[in-house]
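Colleague: The structure is given below, and queries will be raised subsequently.
The values are calculated or read from the model by the stated rules, or taken from the named source; none is laboratory data. From a predicted model like this one, the values you see are computed outputs, not experimental measurements. Please note: Cβ atoms are built from the backbone with ideal geometry, for glycine as well, and neighbour counts cover all protein chains shown. When the accessible area is computed, the model is the full protein with side chains, heavy atoms only, and any ligands, DNA or RNA have been set aside. Shrake-Rupley method; radii C 1.70, N 1.55, O 1.52, S 1.80 Å.
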Amino acid sequence: MATVPSESNAAAPPTTIRLAQFNQLSNQKKLGLILAAAAVIALLIGAMMWSQTPEYRVLYNNVSDQDGAAIITVLQQMNVPYKFSESGGGAILIPEKQVHEIRLRLAGQGLPKGGLPGFELMENQKFGSSQFLEQVNYQRALEGELARSVQSLSAVQSARVHLAIAKPSVFSREKQQPSVSVLLNLHPGRVLSVEQVSAIVHLMSSSVPNLPVKNVTVVDQNGNLLSIQNDGKQDSRFDAKQLEYIQELEENYIRRIEAILTPITGAANVRAQVTADMDFSRIERAEEIYRPNNTESEAAAIRSQKTLEATSTGSKIDGGIPGALTNRPPEPAAAPIEAGGENKEADDKTPSVPTDQKKESTINYEVDKTVQHTQQSTGNIKRLSAAVVVNYRKKVDENGEVTYEPLTAEEIKEINSLVREAMGYSEKRGDSLTVTNGLFTADTATVLDIPLWKDPDVIMLAKEIGKQLLIAAVVLFFLLKILRPFLKSLTQPPPPPPVEPEKLSGEAALGQLSEHGDGAALQAIQKSIFDENLKKAKQLAVDEPAIVANVVKEWISKNG
């Protein structure tokens, strides 16, 4: 038979009632209720910790074991949480809000050191080490220092340097020049220009004694040879700076054309494009030109002049009888005794002595010689092509209506002349110019702001809000759909056996029906109880009138 809670139980606090209900449960239900409460507490604590868990970002990746151990030691001293990630070459992760601060603090302590030994190897030399060991340590230190220098470039992620230094020899013929190989690991999406590779090559050549530029080899992580040896010759490949120079030149011509036409047509009423055909070939020419110097306008220049005159006299007797007489010396001459007479006749009969005269003249003139050494500069303009489009003239009448009309032929001719002068038009060079007058279409394209769903700040806020909502939804689902039905099943007493209301009477029937919630039967029982109580009160007033009178007096005194 069910019991009806008394007035004292109804007036008790809810905590006492709940505790009484808990004590009435069986041990199995008590254990289940305790486990459910522990699960709720654990769920709430887990949700709170999950909502407060920071996002981790990469502090350093691809660090050596020595640097990794030193960094972790410093992080532990700073009480900074950290994680490890195998992706990205073994990375150290810390909370996102502390990444920049920790990097600066670690950099102040010289971490990371780069994973490559430098000249600090020479500081830890052991006593009694051999000369070979000292040479090896020096080579390792030099390789590490060169690798650190190359890693300071923005496009280089890591670098390795290999030195090949031959053993020094006292014989000059046996001396071998050193060589260097550089392996670069570039950042994703980054490339090195020809100038940057040349800078690395010259850096190596200047850092190692007696290292020529041709003995430096630079290779990237994909095995591509970056340093191309051309034996001092000009590289014939296309240079990116040539394209940059062409673009700058074309933009300069465009600005000049638009600047000279803007005051006439308006800022938004002219468009120009220029194409420049450039010649980047390099030509060197040496000439020696000889020209005749006996021109009529100028007298010939004499370098040197030589004149030779010679006169020779032959002997009286040109010859004699061959034999011994010809080998005899000539007899001494005898002076004539008399000036005249027979001797004079003899002299007249003597034949005359022959004479030989010779005259030579040599004149050397200066040679007209011209030596020319010509070197043409690169980047010459071979041809210019310009296209200019001018908008129709805009007119607004008295009513505010806007109309457009084309320019006249004279105005087009004037614009053509201005553009020719602005671009330096040359017919010999084969330049071309086209000026067109047309109606521009309305530019309806407007610069749109970044959509709200693409804004990074909005995305981060949405992620944070979604995370909190997901946590709240999981907690509510667990509480309402799992824990609440479970608690009801634990606290609900077993249903009583069904009892017919007719067999019950009085307060017992009222308590039983109030628990089952039968409305019609409950009203019937309440009416029967009221009639029964009223009958008992009437009988009490007949049997004990004094008691009833006292009760009525107390009611009257209380109601005042």
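Colleague: When you go through LEU146, LEU192 one by one, which is the residue that is open to solvent by less than 60 Å² (accessible area, probe 1.4 Å), assigned to a loop (DSSP other than H, G, I, E, B), among the hydrophobic types (A, V, I, L, M, F, W, C) and closer than 27 Å to ASN61 by Cα?
Modeller: Going through LEU146, LEU192 in turn, just one is open to solvent by less than 60 Å² (accessible area, probe 1.4 Å), assigned to a loop (DSSP other than H, G, I, E, B), among the hydrophobic types (A, V, I, L, M, F, W, C) and closer than 27 Å to ASN61 by Cα: LEU192.
Colleague: I need every pair where a residue in the range 410-428 that is under 11 Å from ALA386 (Cα atoms) and of a type in the set (D, E, K, R) has its Cβ under 7 Å from the Cβ of a residue that is open to solvent by 40 Å² or more (accessible area, probe 1.4 Å) and modelled with pLDDT of 90 or more, sequence separation at least 6 or different chains.
Modeller: That search, which allows pairs on different chains as well, returns nothing.
Colleague: When both residues are 6+ apart or on different chains and their Cβ atoms are under 7 Å apart, which pairs have a first residue that lies in the range 106-119 and is on the phi < 0 side of the Ramachandran plot and at pLDDT 65 or above, and a second that is open to solvent by 40 Å² or more (accessible area, probe 1.4 Å) and assigned to a helix (DSSP H, G or I)?
Modeller: LEU116/ARG148; PRO117/ARG140; GLY118/GLU145; GLY118/ARG148; PHE119/GLU145
Colleague: Next question. For THR275, indicate whether it is more than 30 Å from LYS369 (Cβ to Cβ), touching a strand residue (DSSP E or B) at 6+ places or on another chain (Cβ under 8 Å), open to solvent by less than 80 Å² (accessible area, probe 1.4 Å) and outside any loop (DSSP other than H, G, I, E, B). Break it down stepwise before answering.
Modeller: Details: more than 30 Å from LYS369 (Cβ to Cβ): yes; touching a strand residue (DSSP E or B) at 6+ places or on another chain (Cβ under 8 Å): yes; open to solvent by less than 80 Å² (accessible area, probe 1.4 Å): no; outside any loop (DSSP other than H, G, I, E, B): yes.
Judged against the criteria, THR275 is not a match.
Colleague: Same structure again: Restricting the range 206-239 to residues that are small (Gly, Ala, Ser) and surrounded by fewer than 17 Cβ atoms within 10 Å (Cβ to Cβ), which is modelled with the lowest pLDDT?
Modeller: GLY232
Colleague: Would you confirm, using the coordinates I've provided, whether ALA70 is at pLDDT 70 or above, over 39 Å from the mean Cα position of the chain (by Cα) and open to solvent by less than 40 Å² (accessible area, probe 1.4 Å)? Lay out the reasoning, then the answer.
Modeller: Values: at pLDDT 70 or above: yes; over 39 Å from the mean Cα position of the chain (by Cα): no; open to solvent by less than 40 Å² (accessible area, probe 1.4 Å): yes.
Criteria not met by ALA70.
Colleague: Could you tell me which numbered condition ASN364 fails, if it satisfies all but one of (1) more than 22 Å from MET278 (Cβ to Cβ); (2) open to solvent by less than 80 Å² (accessible area, probe 1.4 Å); (3) free of Cβ contacts under 8 Å to residues at least 60 places away in the same chain; (4) not aromatic (Phe, Trp, Tyr)?
Modeller: ASN364 satisfies all of (1) more than 22 Å from MET278 (Cβ to Cβ); (2) open to solvent by less than 80 Å² (accessible area, probe 1.4 Å); (3) free of Cβ contacts under 8 Å to residues at least 60 places away in the same chain; (4) not aromatic (Phe, Trp, Tyr) except (3).
Colleague: Quick check on the range 165-185: of everything there that is more than 14 Å from VAL218 (Cα to Cα) and either hydroxyl-bearing (Ser, Thr, Tyr) or not in a loop (DSSP other than H, G, I, E, B) (or both), which residue is most open to solvent (accessible area, probe 1.4 Å)? Spell out how you get there, then give the answer.
Modeller: To start, the set of residues in the range 165-185 that are more than 14 Å from VAL218 (Cα to Cα) comprises 165-178.
Adding the requirement that they be either hydroxyl-bearing (Ser, Thr, Tyr) or not in a loop (DSSP other than H, G, I, E, B) (or both) leaves 169, 172-174.
Values: SER169: 35, SER172: 93, ARG173: 228, GLU174: 114 Å².
Within the range 165-185, the match that is most open to solvent (accessible area, probe 1.4 Å) is ARG173.
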